[in-house]
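Chemist: Please read through the structure below; I'll follow up with questions.
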Amino acid sequence: VDATHLRYEDHIAVVRLTLGELGALDIPTLMVFNKIDDLEDRTVINGLKHEFENCILTSALRGIGLDELKEKMLLQIEKNYAELSVLIPVIMC
């Protein structure tokens, strides 16, 4: 989400609506707010942290928060990771 956009809540609503249409609301997601370095009103950051408890605040341009984003993405992947062994029979023609 572009944290600097005045109507970022509308963007979130559209994404959630689209995920619902795709039947993907149950898939784990991460709320990521980008461009935090461009926020003139720093109290917005506290507001975002309060409203979206587990959100990640980033600046892709300056590399802020990217390590946290990578860590949380990895945790999500590992949470649903399963290793399988599969035997495929060879069919001779």
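Chemist: Tally up the residues in segment 64-93 that are in a strand (DSSP E or B) and either among the small types (G, A, S) or closer than 11 Å to V32 by Cα (or both), please.
Modeler: Looking only at that region, the number is 0.
Chemist: Among the candidates I64, I45, I88, single out the residue that is among the aliphatic types (A, V, I, L, M) and touching a Ser or Thr at 6+ places or on another chain (Cβ under 7 Å).
Modeler: After applying the criteria, what remains is I64.
Chemist: So which residues in segment 40-63 are outside any helix (DSSP H, G or I), touching a residue at least 24 places away in the same chain (Cβ under 8 Å) and open to solvent by less than 50 Å² (accessible area, probe 1.4 Å), if there are any at all?
Modeler: Selection gives C55, I56, L57, T58, S59.
Chemist: Oh, and also: Can you tell me which residue in segment 70-93 is farthest from T58 (Cα to Cα), limited to those that are in contact (Cβ under 8 Å) with a residue 24 or more places away in the chain and either among the polar types (S, T, N, Q) or surrounded by 10 or more Cβ atoms within 10 Å (Cβ to Cβ) (or both)?
Modeler: Within segment 70-93, the match that is farthest from T58 (Cα to Cα) is N80.
Chemist: Do any residues in segment 18-39 that are without any contact (Cβ under 8 Å) to a residue 12 or more places away in the chain have Cβ atoms under 7 Å from those of residues that are polar (S, T, N, Q), where the two are at least six apart or on different chains, and which pairs are they?
Modeler: Final answer for the pair search is none.
The values are calculated or read from the model by the stated rules, or taken from the named source; none is laboratory data. Computed from a prediction, not measured in an experiment: that's the story for all the values here. Using ideal geometry, Cβ is built from the backbone for each residue, glycine included, and neighbour counts are taken over all protein chains shown. SASA here: full protein model, heavy atoms, side chains in, ligands and nucleic acids out. Shrake-Rupley method; radii C 1.70, N 1.55, O 1.52, S 1.80 Å.
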